[in-house]
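This report refers to the structure that appears directly beneath it.
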Amino acid sequence: MNTSSENTIRIYVMGSAYEVPRGLTIMSAMEHAGWRFTRGAGCRSGFCGACSTVYRQEGDYRLRFVLACQTEAEDGMYLVQLPFTPAPRVSYTLAELNPDENVLLQHYPEIARCVSCNTCTKACPQDIEVMDYIQAALRGDIAQTASLSFDCIQCGLCSMRCPADIKHYHMAQMARRIYGRYMSPVTAHLEERIAEIEKGVYEEEVEALVKMTRSELEEIYAARVVE
Amino acid sequence: MNNAAYFPGCSLKAEAGDYERSAAAVMEVLGQPLEELERWTCCGTVYSLTDDDLMHQLASVRNLIRAQECGADEIVTLCSMCFNTLKRSKVFIEQDSARLETVNAFMDEEQDYEGGVEVFHLLEILRDQVGFESIEGKVTRPLSGLRVAPYYGCTLLRPREIGIDEPDTPTILQDFIRALWATPVEFAFQAECCGTYQIVDSPEMVLEKSHRILNSAMRAGADVLVTSCPLCMHNLRLCYEELRSSLPEKRELSIIYLTQLAAIAFEVETGELPTSMAKLVEGLPTSMELVP
Ligand code: SF4
Ligand code: SF4
Ligand code: FES
C-alpha cells in the first residue's frame, strides 16, 4: 500500500499510523507525530547510541537496525525504539589487570559461545564488523578488537540480536581500555606537556583567558595561528 | 603446496606461539611458507553431532568461504581440533545439497560456498605434498639417539572418514620422526584422548587420562613426546607439572610440538624450548661431528 503523497509519508510507531512530512529523520518524524522522547534520545548527532531503532519496511520480512537521529524516515516504516539493553558489565580495575591473551575471555567468557552467524554485524547501525571483533577477542587479539570496535556507540543492538547472548560492546570497551592503558604507544610530547601542566607553567595564561570577555576571546580565537 | 591458506585457530593464537613460530620456520625451510587466511573466524571448536543443526556449521563454512574468496583450494591447520571440526563440517555440508543451500541462504551477506575447498592438517601436507624424503634432505642436525614418543590423541585420527591415518595403527608421526633421524618410541596410549576441553568442567578426569598417556610414554622409554594439538599440549603439560615431583631425579619427559622437533633438526631458531628439551639438544651430536 503506497500511502505517500508528494509531501508526506506514512510511518507506524508502536502499531499506530501517522502521516508525517517527508525528509525528516525518524526521531524528528516521531516528534512531529506527537511523541516525546523521555528515553531513547541523547546527543541527536549519532554519537551516544541512545536512539537505537528497529524497523521493518512494508513488504519486506527483514528487520533493520538504525539510529533514529541519523536515518531519514521513509514511507511504510514500522518502527520500534529500544532505548536500553540490559547488558551486564563486569567490574575490573584497569591498573591491576594482567593484559594477556586470555583477559577478555576471562572477564566475558560468553564470547566463546559465538557460532559465527554474523547476526550482530547485520544489526550494527555503525557498520562495524562486530563478529570479527568478537572473533579477534576470542583469539586474544586485543589490539584488533579495539581497532575494529572503535566506532562503537554502545547502542546494544548487536547484543539484542545475538543468538549466543553475547554482550559485545562492554567487552569491546574493555579491550579499548586495555589497549589504551597497556598497548598504545607512549608519546613523549604528551608526557612532557602533562609534566608542564602539573608544574603550573600554564596557570597564568589560563587565568588571563578566564577573565576575558566574549569579544576578547573571539578576537584572539580569530587571530590564532593554525599549524 | 597447492594454493593453500593457513588457518591458525584461536587456541593456537592465544596459547601456542611456539607451535606457530616453529611451523612457520619449518615451512619456510621447506620452501612452502604458510600464508594466513584473511579474516578467519573460530572453527566452531567442537563439531556439532546433531545432524539437523546447521547453526553450528556456520563457523566452519564461513572459513571455507574465506578460503574460496582468496582463491585458495585448501585450508591447512596446525591444531588437530580445528582440523577435525573444519573437515567434519566440510564433509557434512557437502554431503547434502539441501544443507549447503540453507547455509548459503542464511549467510546472504557472503558469497555462496561452492564446495570443494579441502581441509588438511599440516602433517598430511608434510607427508603427501612435501614428502618425508625432502624433509630428511633438509636435516642439518640429525636427532640421532633421541627417543621420541608420537602422540596422536584422537582428533587427528577419528572418525575414520576424516582421519589422516589408520585410527588404530597410525604411522605418519613415526615416519616423520624417522625423517628427522630420531627414534620413534611407540606406546600403548598414543592414540588415546587427553580429555580435551573437559579440562574446564572435569579437570580430575582429564588429569587422569593425561597421566596414563604420559606414564605409558615414559615407561616405553621416551625422552620426548611430540603432539600436534595446543589443547593436548595444555592438558599434558598441566599433568606433567603435577607428576614431576613424584618422578625419580633425572627422569624427565619433554613435551613439544612436532614442528619444534623439526626446527631443531633444521637448526632454525624458533624461540624457547622447555628446559629439559634444551638440555637434550645440547647433548645431540652437532652437524660438524657428523661430517666424516
Ligand atoms: S557494535 Fe553493537 S553496540 Fe556497538 S554500535 Fe554496533 S550494534 Fe551498537
Ligand atoms: S550474533 Fe553472536 S553468535 Fe552470531 S556472530 Fe555475532 S557474536 Fe557470534
Ligand atoms: S540520539 Fe545520540 S545517537 Fe541518536
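Give me the net charge of B:G131's neighbourhood, meaning all other residues with Cβ under 14 Å from the Cβ of B:G131; Lys, Arg count +1, Asp, Glu -1.
-2
Where does segment B:4-123 land on Rg/Rh, using Cα atoms and the Kirkwood Rh? Can you show the working numbers first?
Numbers: Rg = 14.2 Å, Rh = 14.5 Å.
My calculation of the ratio gives 0.98.
Restricting things to alpha carbons, tell me how big chain B is in terms of Rg and Dmax, in Å.
Rg, Dmax (Cα atoms, Å): 19.4, 65.
Roughly how many whole Å is it from the C-alpha centroid of segment A:64-100 to that of segment B:94-172?
Answer, in whole Å: 41.
Only loop residues by DSSP count here, and only those with at most 11 other Cβ atoms within 10 Å; note down the GluC sites (Glu not before Pro) in segment B:68-143 that meet that.
Here the sparse-neighbourhood loop sites are B:E109.
Viscosity 0.890 mPa s, temperature 25 °C: what is the translational diffusion coefficient of chain A from Stokes-Einstein with a Kirkwood Rh over Cα pairs, rounded to a whole number of µm²/s?
This corresponds to a translational diffusion coefficient of 117 µm²/s.
Would you kindly compute the Cα radius of gyration of segment B:131-282 and its largest Cα-Cα separation (Dmax), both in Å?
Taking only Cα atoms of segment B:131-282, I get Rg and Dmax of 15.1, 45 Å.
With θ taken as phi - 60° and the coefficients 6.51, -1.76 and 1.60, list the Karplus ³J(HN,Hα) couplings across segment B:149-164 in order, rounded to whole Hz; mark glycine and proline as x.
In residue order, the calculated couplings are 8, x, 9, 8, x, 10, 6, 6, 10, 10, x, 3, 4, 10, x, 8 Hz.
Lysines near A:K211 by alpha-carbon distance under 24 Å, same-chain residues fewer than 8 away left out - which ones?
Answer for A:K211, where 24 Å is the Cα cut-off: A:K199, listed by chain and number.
Provide the convex hull volume over Cα atoms per residue for segment A:94-183, in Å³.
76
Just want to confirm a number: the relative contact order over chain B, from Cα pairs under 8 angstrom separated by 6+ residues, in percent.
Relative contact order for chain B comes out at 19 percent.
If you average over every viewing direction, what projected area does the convex hull of the Cα atoms of segment A:8-81 give, in nm²? Walk me through the intermediate numbers first.
Values: hull surface 17.5 nm².
Over every viewing direction, the Cα hull of segment A:8-81 projects on average to 4.4 nm².
Which far-off residues, 5 or more places away or on another chain, put their amide H under 5 Å from the one on B:V185, with H placed in the peptide plane?
B:V148, B:A149
Using only the Cα atoms, what convex hull volume per residue in Å³ does the protein assembly as shown have?
So the per-residue Cα hull volume is 241 Å³.
Estimate the FRET efficiency between A:R89 and B:E133 by the formula 1/(1 + (r/R0)^6), using the beta-carbon distance for r and 56 Å for R0, to the nearest 0.05.
0.45
Please give the charge dipole size of the protein assembly as shown, origin at the Cα centre, charges +1 on K and R Cβ atoms and -1 on D and E Cβ atoms. Round to the nearest 20 debye. Intermediate values should be presented prior to the final figure.
Values: 46 positive and 76 negative charges, 244 e Å.
Result for the protein assembly as shown is approximately 1180 debye, rounded to the nearest 20.
Go ahead and estimate [θ] at 222 nm for chain B from helices alone: -39,500 (n - 2.57) per DSSP H run with n ≥ 4, summed, over the residue count, rounded to 500.
The helix contribution divided over chain B gives -12500 deg cm²/dmol.
On a full-extension model of 0.36 nm per residue, what is the gain between B:E28 and B:D108, subtracting their alpha-carbon distance, rounded to one decimal in nm? If you can, show how the numbers build up before the last one.
Values: separation 80, 0.36 × 80 = 28.80 nm, distance 3.75 nm.
Here the answer is 25.1 nm.
How much net charge surrounds A:V90 when only other residues with a Cβ under 11 Å from its Cβ are counted (Lys, Arg +1; Asp, Glu -1)?
Details: positive: A:R89, A:K167; negative: A:E110.
Charge balance in the 11 Å sphere: +1.
Tally the DSSP beta bridges in segment A:8-81 and give the antiparallel ones as a percent, rounded to 5.
Details: 16 of 19 bridges.
Counting DSSP beta bridges with both partners in segment A:8-81, the antiparallel share is about 85 percent.
Given points 7 Å out from each Cα along the Cα-Cβ axis, report the A:H189 to B:N3 separation in nanometres with one decimal.
4.6
What is the distance, in nm, between label points placed 7 Å from the Cα along the Cα-to-Cβ direction at B:S144 and at B:E166?
Those two pseudo-labels are separated by 3.1 nm.
What is the sum of charges around A:C48, taking Lys and Arg as +1, Asp and Glu as -1, for the other residues whose C-beta is under 15 Å from the C-beta of A:C48? Numbers along the way, then the final one.
Values: positive: A:R39, A:R44; negative: A:D151.
For residues surrounding A:C48, the net value is +1.
Lys/Arg Cβ at +1, Asp/Glu Cβ at -1, dipole of the protein assembly as shown taken about the Cα centre: which of A:C117, B:P33, A:V186 is farthest positive-ward?
Of the options given, the answer is A:C117.
FYI, it's all coordinate maths here, none of it is from the lab. None of these values were measured; they are calculated from a predicted model. Positions of Cβ are backbone-derived with ideal geometry, glycine not excepted, and every protein chain shown enters the neighbour counts.
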